[in-house]
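The values are calculated or read from the model by the stated rules, or taken from the named source; none is laboratory data. Nothing here was measured: the structure is a model prediction, and the numbers come from that model. A quick note on method: Cβ atoms are made from the backbone with ideal geometry, for glycine too, and the neighbour counts reach across all protein chains shown. Accessible surface areas use protein heavy atoms only, side chains included; no ligands, DNA or RNA. Shrake-Rupley method; radii C 1.70, N 1.55, O 1.52, S 1.80 Å.
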Amino acid sequence: MPAATLDAFLNSYLGEPDELRSAVVATIRQLTQAATTIRNTINQGVLGTAFAGTRGANADGDIQKDLDVFADDIFLNAMRHAPIALYASEELEQPVLLDRQAPLAIAIDPLDGSSNIDTNVSIGTVFSLLPAIGAPDGNPAASFLQAGVNQLGAGFFIYGPQLALVLSLGSGTHVFVLSTRLGTFVQAYESRIIPQRTQEFAINAANYRHWDEAVRLYIDDCLEGTEGPREKDFNMRWIASLVADCYRILMRGGVFLYPGDKRKTYRQGRLRLVYEANPIAYLVEQAGGAATDTITRILEIKPENLHQRVPMVFGSAREVARITRYHTEPSAIGERAPLFSRRGLFRA
């Protein structure tokens, strides 16, 4: 039986058309066209006109690459042809009003992992679809200050060996790959399920000295392997591309940690709640995983501002729950006992 195309999947989701579902389908179709344009540009590498050059800082204080701005322009223009009321991006300080009468708002990180652009490592685009809502004070950001549970759908494109779309519209997390032969996205994986248990974690270990004690203790226990309290060996991964790390976890399990730490600009975490953490959490939960800020479920956090940052842990549900216990009740973790040294690989 041939694999289903994205169009067939969207038509099945549409069912008896209503305004919101029709708008979601039309928006995803525009997003796929824009992502294909981005992929073609990325494939040109250093031979292209918009690649790894820098432009200074964006609205959130991060260094912008030329490709960041190029991608934002492409997606913003695509959304002008979709039923989108408001467009919010990592690259823009304020949302852009496109159509007051349209039913949807989109929050997007046009190019996640841009520090990897010139190293030929997978990068991506992350997006969140929300119902457009009015605000008594006319605040254009109001639609984006909804808790993540209100998302109508979420996804990311990953520009890697294949151009893949990871998508959830509320009934599982599905993976589509662009077929150059067919000229369309074809379903590669239906309803991915993240294993409950794992022996793999992703974290930037260079920040060990800045972490809070709970995070250090968790990593110490993992690194002690079969001789430590976990009594099993762990592998460590870190790509510095949120979409690439998430894709790996969707494929084979694992847990990702980007905690807040003691540095002034990292205390509240570094990932943006609205257009990074929320859509990733939505995809992970729809695949049977979990996502928290180390304690609280990500999708239950109500944003206070468009570019709010948040610590994030996501992946295999049992491991995410264990990390929460390290933060809330470390004495209740049975495997940790006095005979195990707290002297970790990275501790002097």
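Observations on the model:
- Per-region count, the range 208-243, residues outside any helix (DSSP H, G or I) and among the basic types (Lys, Arg): 3
- The residue pairs whose first member lies in the range 207-232 and is under 18 Å from residue 329 (Cβ atoms) and crowded, with 19+ Cβ neighbours inside 10 Å, whose second member is of a type in the set (Lys, Arg) and at pLDDT 95 or above, and whose beta carbons are closer than 7 Å, counting only pairs six or more residues apart or on different chains, do not exist in this structure.
- Only listed residue being among the charged types (D, E, K, R), open to solvent by 30 Å² or more (accessible area, probe 1.4 Å), farther than 30 Å from residue 144 by Cα and in contact with a strand residue (DSSP E or B) (Cβ under 8 Å, 6 or more places away or on another chain), chosen from 270, 237: 237
- Looking only at the range 122-160, and only at residues there that are of a type in the set (A, V, I, L, M) and free of Cβ contacts under 8 Å to residues at least 40 places away in the same chain, the one that is surrounded by the most Cβ atoms within 10 Å (Cβ to Cβ): 130
- Pair list, Cβ < 6 Å and 6+ apart or interchain, from the range 22-34 residues that are under 12 Å from residue 105 (Cα atoms) to residues that are open to solvent by 40 Å² or more (accessible area, probe 1.4 Å) and modelled with pLDDT of 95 or more: 24/152
- Among the residues of the range 177-199, those identified as more than 17 Å from the chain's Cα centre (by Cα), under 24 Å from residue 318 (Cα atoms) and open to solvent by less than 60 Å² (accessible area, probe 1.4 Å) are 191, 195, 198.
- Candidates are the residues of the range 63-78 that are surrounded by 20 or more Cβ atoms within 10 Å (Cβ to Cβ) and among the charged types (D, E, K, R); the one that is nearest to residue 25 (Cα to Cα) is 72.
- Scope the range 161-176; condition surrounded by 18 or more Cβ atoms within 10 Å (Cβ to Cβ) and farther than 21 Å from residue 19 by Cβ; matching residues: 163, 164, 165, 166, 173, 174, 175, 176
- Any hit, the range 130-149, residues being within 24 Å of residue 168 (Cα to Cα), among the polar types (S, T, N, Q) and within 14 Å of the chain's Cα centre (by Cα): no
- Output for the range 1-25, where each listed residue is in contact with a helix residue (DSSP H, G or I) (Cβ under 7 Å, 6 or more places away or on another chain) and open to solvent by 70 Å² or more (accessible area, probe 1.4 Å): 21
- If you go through the range 244-263 and pick out every residue that is of a type outside the set (Ser, Thr, Tyr), assigned to a helix (DSSP H, G or I) and under 18 Å from residue 317 (Cα atoms), you end up with 7.
- Apart from one condition, residue 92 fits all of (1) of a type in the set (A, V, I, L, M, F, W, C); (2) part of a strand (DSSP E or B); (3) free of Cβ contacts under 8 Å to residues at least 40 places away in the same chain; the exception is (2).
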